[in-house]
Structures are given as C-alpha cells and as structure tokens.
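For reference, the structure is listed below as structure tokens.
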C-alpha cells in the first residue's frame, strides 16, 4: 500500500517530536521531513511533494493567511491540517477560508490529533470540538458590510495578499504614513485589531471588496448590500491600475453591476467559488501565471460563469487554448471601450 508522505512544519522541535510520535502510530503514514520556518517550508514542499502537511501558524518568516492560500493554489491535492495553540475563531475561519482542511488545537489529547489526521485524509473537514461552538455562534450573527471607497478596498486587498505597509505604499503611490492612516480607519470600520484579523475578515466576507459600477465611476462608497439580482462581474488582471481603469469603464456602461477584482489565479478561483460571478474578464498574462489556467480553475469552481479573455497582445494560439479552456470570447485590450463592454454585458444578460 502507498504510504502517506507527511511534512511537519513547526518552529518548536519538542512539539514536532510529539506530533511525529502520533503520526508514526498511524498505519501507512511516514514523516518525510520537518521544517521550522516559512522559507524552509516552501523549499520542502517543492522538493518532497508530500500528501499531508501538519503546520503551525507562528513560524519565523511565515505569513499564515497568504502562505496557506499560496500552498493551496500550488498543491491543490495536498491535505493541510493546522495544529495551533490559537483558539480565536478569526484564526480558524481564516485558515479554513485560505484552504486548510482542518484546524486542531495543540492542547487537545494526542488521540484527538490522530483522529483529526485520519478524518482529513478521508476527505472530511476537521475542527477541534472546543472551537465548534464559537464558530456556530459567530456564523449566526448578522454581518453588516461596511461602506468602503475604492482606495480603501484596494488597500485592504493588498493587505490580504500579505503586503507590508511599504509595499502597499509603492503599489498605491501613497506615503507609508498615509497607508498607516488608511489602515487605522479600515480596522475601525471592519472592527478588527490587527493585519491578520483584517485579512481573515476579507476571506470570510469577500463581498466587502465588491464595488457597484456607479461607485467605480466616482470612487464613492460601496453600497452596503448588493441587490439580490445584481450582475456580478470579476476583473482578473495583475496590474492594479488597469483593474481600476477597467472597473470604471464597466461602471459607465453598467452602473448597477457589482464588480470584484483579483490579481492572480488563486484569488480569482477563490472569489469565483464564493461569489459565482456572471461574467469574468481575465487577462491572458498574470505575472508568472496565465489566463488559460485561470479560466480552467474558474470554470471548475463556477461552471456558470462566462469568461472573456483579454490581452494587450492577441495571439491566435492563446485564442484557441482559451476557448478550449471554457472562455466564450477573446478580446484585444485596446478594443475594450464602452461600446464593446456594453455589447458583452448585453449579450450576457440576454
């Protein structure tokens, strides 16, 4: 029988030793490597390609939300079980929302850890029992979506991607002090206390990043609750300035639309799965990724979404591959003027 190859990530050797003892008691499991920080984790994942990852949240040089999200995108078949001392439901929801298969508390019996591993490997979702009541209680509370401007939404999106204040300042052409002031107000508006809590909030409430077409035209606040039958549009491009430009163009021809944005394949797939957008505009080139792969991921998680590929450098082969991946059209960016967008949206509605 094929062994389940397990990678352990925790910066405390004593903790790793205790977990390893549990793992070695489970038939057909073997520990292939142990790491204690973020860079070592990503190197081990690339080199060993494990079947199961047992991971703590608080390792050096490791951003938990962004890292789990990236690991899930790079290794979609990997089973991920978080083993943490943190029992805050924001951490739990953040990890599960980013792609973890389970969340286990370190203070629970080792027999429960063995059960957690077995459940996760069986394809089930695991959450330690002391956390379940907290999650149920939080999910039963109504969530009021705060009003954010395009600038605030952009900053919050960059924060969720794991960027620090200096990087956010460079992306937005603002000073670091201005970014800090924006974040202070944002934390107050979404009622969180830290960057991690803010990133978790966005993962649980992706609708906070949505903007109406009318708001996109004038950088006015986002409406609090989209209309139930609103046309949901997702813009996927690795250039944040172009995303804003395209959103404004959409807003001019369809002010009633609710527009979301993503800068990479994993974010686009996550939003598509949560929001089931009616229309997705995807750039063919997404940094080191490509829109063909993005189209396949979107069609997998949201088959009803209509995907239109866009490119500054139209290519016949990209056109062919895009249509094979599930796109309905391939457009040159320079042709994405108001008339073309109006036609695309009207065809979608009709």
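Those residues that are touching a strand residue (DSSP E or B) at 6+ places or on another chain (Cβ under 7 Å) and either in a strand (DSSP E or B) or on the phi > 0 side of the Ramachandran plot (or both), I need them from the stretch 241-277; list them, please.
258, 259, 260, 261, 262
State whether the residues of the stretch 60-75 include one that is over 22 Å from residue 116 (Cα atoms) and crowded, with 20+ Cβ neighbours inside 10 Å.
Step one: filter the stretch 60-75 for residues over 22 Å from residue 116 (Cα atoms), giving 60-63, 66, 70, 73-74.
Restricting the remaining residues to those that are crowded, with 20+ Cβ neighbours inside 10 Å gives 62.
Scanning the stretch 60-75 turns up at least one residue that is over 22 Å from residue 116 (Cα atoms) and crowded, with 20+ Cβ neighbours inside 10 Å.
Conditions: (1) touching a strand residue (DSSP E or B) at 6+ places or on another chain (Cβ under 7 Å); (2) at pLDDT 80 or above; (3) in a helix (DSSP H, G or I). Residue 216 meets all but one. Number of the miss?
Checking residue 216 against (1) touching a strand residue (DSSP E or B) at 6+ places or on another chain (Cβ under 7 Å); (2) at pLDDT 80 or above; (3) in a helix (DSSP H, G or I), the one that fails is (2).
Within the stretch 283-309, how many residues are part of a strand (DSSP E or B), under 15 Å from residue 324 (Cα atoms) and in contact with a strand residue (DSSP E or B) (Cβ under 7 Å, 6 or more places away or on another chain)?
Filtering the stretch 283-309 down to residues part of a strand (DSSP E or B) leaves 283, 285-286, 289-290, 306-309.
Filter once more, so that each one left must be under 15 Å from residue 324 (Cα atoms): 290, 306-309.
Right, trim to in contact with a strand residue (DSSP E or B) (Cβ under 7 Å, 6 or more places away or on another chain) and you get 306-309.
Looking only at that region, the number is 4.
Yes/no per residue for (1) modelled with pLDDT under 85; (2) under 20 Å from the mean Cα position of the chain (by Cα); (3) not assigned by TED's automatic domain parsing to the domain that holds residue 162:
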{"residue": "42", "(1), (2), (3)": "no, yes, yes"}
{"residue": "74", "(1), (2), (3)": "no, yes, yes"}
{"residue": "80", "(1), (2), (3)": "no, yes, yes"}
{"residue": "83", "(1), (2), (3)": "no, no, yes"}
{"residue": "87", "(1), (2), (3)": "yes, no, yes"}
{"residue": "108", "(1), (2), (3)": "no, no, yes"}
{"residue": "114", "(1), (2), (3)": "no, no, yes"}
{"residue": "124", "(1), (2), (3)": "no, no, yes"}
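May I ask you to verify whether residue 246 is at pLDDT 85 or above and more than 18 Å from residue 171 (Cβ to Cβ)? Write out each step before concluding.
Details: at pLDDT 85 or above: yes; more than 18 Å from residue 171 (Cβ to Cβ): no.
Spelling it out, it is not the case that residue 246 is at pLDDT 85 or above and more than 18 Å from residue 171 (Cβ to Cβ).
Identify all residues within the stretch 101-118 that are surrounded by fewer than 17 Cβ atoms within 10 Å (Cβ to Cβ), part of a helix (DSSP H, G or I) and either in contact with a strand residue (DSSP E or B) (Cβ under 7 Å, 6 or more places away or on another chain) or free of Cβ contacts under 8 Å to residues at least 40 places away in the same chain (or both); write none if there are none.
Across the stretch 101-118, the qualifying residues are 111, 112, 115.
In the stretch 137-160, how many residues are modelled with pLDDT of 70 or more, surrounded by fewer than 21 Cβ atoms within 10 Å (Cβ to Cβ) and outside any helix (DSSP H, G or I)?
Number of matching residues: 1.
Can you tell me which residues in the stretch 248-264 are under 24 Å from residue 301 (Cβ atoms) and surrounded by fewer than 23 Cβ atoms within 10 Å (Cβ to Cβ)?
Across the stretch 248-264, the qualifying residues are 263, 264.
Does residue 320 count as free of Cβ contacts under 8 Å to residues at least 12 places away in the same chain and not in a loop (DSSP other than H, G, I, E, B)? Give the derivation first.
Numbers: free of Cβ contacts under 8 Å to residues at least 12 places away in the same chain: yes; not in a loop (DSSP other than H, G, I, E, B): yes.
Taking the combined requirement at face value, the residue satisfies it.
The values are calculated or read from the model by the stated rules, or taken from the named source; none is laboratory data. These figures come from a predicted structure and were not determined experimentally. Every residue, glycine among them, receives a Cβ derived from its backbone with ideal geometry; neighbour counts consider all protein chains shown.
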